[in-house]
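Bear in mind these aren't lab numbers, they're just calculated from the coordinates by the rules spelled out. Since this is a predicted model, take the numbers as computed values, not measurements. Here the Cβ is made from the backbone with ideal geometry for all residues, glycine too, and neighbour counts use every protein chain on show.
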Amino acid sequence: MINNILRLGFVWSILIVFSINMLFASPDRLVTEILLYQSDSVFRHTFLYDQQKRVLLDTRSFQKGSEWINADQTEWVYYENKPEIQIGRKWKENKWVDDYVIKESRRGDILTEEHFAGTAIAENLNKTTTSLFEDGLLKSKTSCRIVNGNTALIDSVMYNYTLGKLSTETHHIQKPNGMYSRYMFDYKYNEAGSPVSMIEKAYVNDTLWQTKTEVQWFYKPGTTLVSSERFRKCDTVTGVWENSKMQIYRYDEAMRIVEEVYFYWNSMVWEKNLRYAYKYDDRDVLLAKHLSMPVYSEWRNTVNIRYLTTANPDVEEIESVYGFWGGNAGDPVNSRIPYNFNGEMQIAYGQKMQITYSEVNDLKDVAKANQVVLKVFPNPSSGIFYYNPTEIKPDSWTVYDVSGSVVKTQMNGATTGVIDLSDQPNAIYFLRARAGEIFLNIKLIKYE
């Protein structure tokens with residue numbers, strides 16, 4: 001769903017990352033660029049926000065020689081503080097081409113999504129999702145594919161609640177071959193309202209559901225901190241439960257996570273699989289994450305993730321290197337790197353990251369009082385400029401260089417607010433936009 005309403009069936013995903021999120025502070029700074037190094041490749045994400053700190057644009061590119069090559073892009077368009085349109089694009093033949101569009105609309109308790117392959121025209125509609133809410137709770141969600149104008153069910157989910165807590169989640173899935181399958185998740189909670197069990201069941205007949213798997217959560221006494229997660233599966237013939245895997249989490253007196261230990265079940269005993277240890281400075285800032293694996297029955301350090309300060313306070317570097325038992329100690333190695341993305345924990349796979357932040361107050365509004373303006377930002381920019389198409393939608397616009405030659409043009413209006421000059425040299429350009437009888441002229445400055 002565009003507005004990232006959490007799919008309630010993924011309760012366990014909240015618990016897994018809950019403790020890790022405590023490592024990161026609230027987003028007083030916003031991530032504007034991420035460089036990710038994977039072996040010989042370098043990838044770049046650049047982010048653009050509005051005054052409400054909402055992400056408007058995420059542009060991905062990769063480095064080829066000394067140049068950055070555009071790859072893909074996602075844009076979100078907001079109406080009345082809600083993201084109602086999401087546009088995905090691919091860079092083809094030196095221009096952005098719509099790859100998909102998701103349009104969201106809500107009437108009362110019904111939320112509808114329309115998914116388009118390419119531009120948002122009727123013949124490109126390939127999927128719809130309808131969600132029904134009751135008293136603010138999601139009651140059902142139905143997804144259908146559209147093929148040659150015909151509608152076919154993909155997945156229908158029914159949600160039931162007890163005292164406002166999700167109790168069951170039932171899926172009805174139609175496979176491409178026309179066969180149906182059903183499965184259910186059954187949730188249990190403790191007195192504090194935290195989930196303690198989720199059982200997966202498969203449909204057999206109208207009176208019988210076969211138990212398949214279970215996830216159990218245990219908590220640090222007196223808190224909502226998860227102390228362990230345990231997974232087990234049920235033998236479909238004998239009905240006997242067998243352990244599968246387990247994670248244990250440990251915290252210090254400041255309630256910071258300091259250790260994660262992962263186990264797998266081997267016949268009759270729990271076997272160690274891997275261990276993460278966290279270290280902090282005296283300001284509670286994460287300094288390092290150490291990965292160890294069992295070698296000769298002892299934990300041996302194999303990978304270290306280090307969070308480094310730089311001369312520029314707006315730039316953070318994270319590196320992944322071998323430990324003593326992993327390879328040549330100190331050499332870079334690709335691994336899963338947790339990092340702070342605007343106050344939320346995210347995972348990237350690579351050997352090094354460089355993250356650039358901007359203070360919230362640095363995202364300046366260029367509007368002028370009592371004057372019709374097309375607000376274009378950032379300006380100056382390293383290549384991508386943006387205007388909010390919901391505030392003023394130009395019928396057309398053209399970008400000229402200082403000699404008066406046309407550089408870019410957009411006719412017949414557009415949902416997007418992207419003006420991309422990343423393929424143009426650093427210089428001063430002039431944007432001329434027409435909105436009805438109004439003509440707007442703006443100077444654009446491109447730099448690297």
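Find the eigenvalues of the gyration tensor of the Cα atoms of region 8-362, then list the square roots of 5 times those eigenvalues as equivalent ellipsoid semi-axes, largest first, in whole angstrom. Show your work: numbers first, answer last.
Numbers: eigenvalues 247, 220, 86 Å².
Over the Cα atoms of region 8-362, the semi-axes work out to 35, 33, 21 Å.
If each residue of separation counts as 0.36 nm, what is the full-extension length gain between Q63 and L163 once their alpha-carbon separation is subtracted?
30.7 nm
Which listed residue (T170, Y100, Y37) has the Cα farthest towards the positive end of the charge dipole for the chain, taking +1 on Lys and Arg C-beta and -1 on Asp and Glu C-beta about the Cα centre?
The one lying farthest along the dipole's positive direction is T170.
Counting pairs of alpha carbon atoms under 8 Å apart in space and at least six apart in sequence, what relative contact order in percent does the chain give?
Numbers: 976 pairs, mean separation 46.2, N = 448.
Reported as a whole number, the value is 10 percent.
Treating the angle as unsigned and between 0 and 90°, give the value, to the nearest 10°, between the Cα long axis of helix 11-21 and the longest Cα principal axis of the chain.
Here the helix axis deviates by roughly 70 degrees.
Given a cut-off of under 8 Å on Cα pairs at least six residues apart, what relative contact order in percent is computed for region 109-165?
25
In debye to the nearest 20, how big a dipole does region 376-446 give about its Cα centre with +1 on each Lys and Arg Cβ and -1 on each Asp and Glu Cβ?
It comes to approximately 100 debye.
Give me the number: length gained by fully extending E359 to T142, i.e. 0.36 nm times residue separation minus the C-alpha to C-alpha distance, one decimal in nm. Display every interim value, and only then the final one.
Details: separation 217, 0.36 × 217 = 78.12 nm, distance 4.06 nm.
Full extension from E359 to T142 adds 74.1 nm.
Kindly rank 191-197, 417-423, 389-395, 333-339 from highest to lowest mean number of other beta carbons found within 10 Å of each residue.
417-423, 333-339, 389-395, 191-197
Please compute the contact order of region 74-154 in relative form: average sequence separation of alpha-carbon pairs under 8 Å and at least six residues apart, divided by the residue count, as a percent.
16
Using just the helices of the chain, give the 222 nm mean residue ellipticity in deg cm²/dmol: DSSP H runs with n ≥ 4 each add -39,500 (n - 2.57), and the total is spread over all residues, rounded to 500.
Taking each H run of at least 4 residues, the total per residue is -500 deg cm²/dmol.
Determine ³J(HN,Hα), in whole Hz, for all residues of region 436-443 in sequence, where each value follows from phi through the Karplus function 6.51 cos²θ - 1.76 cosθ + 1.60 and θ = phi - 60°; x replaces Gly and Pro.
x, 9, 9, 10, 10, 10, 9, 8
Have a look at region 203-327 and give its Rg and Dmax from the Cα atoms, expressed in angstrom.
19.6, 66
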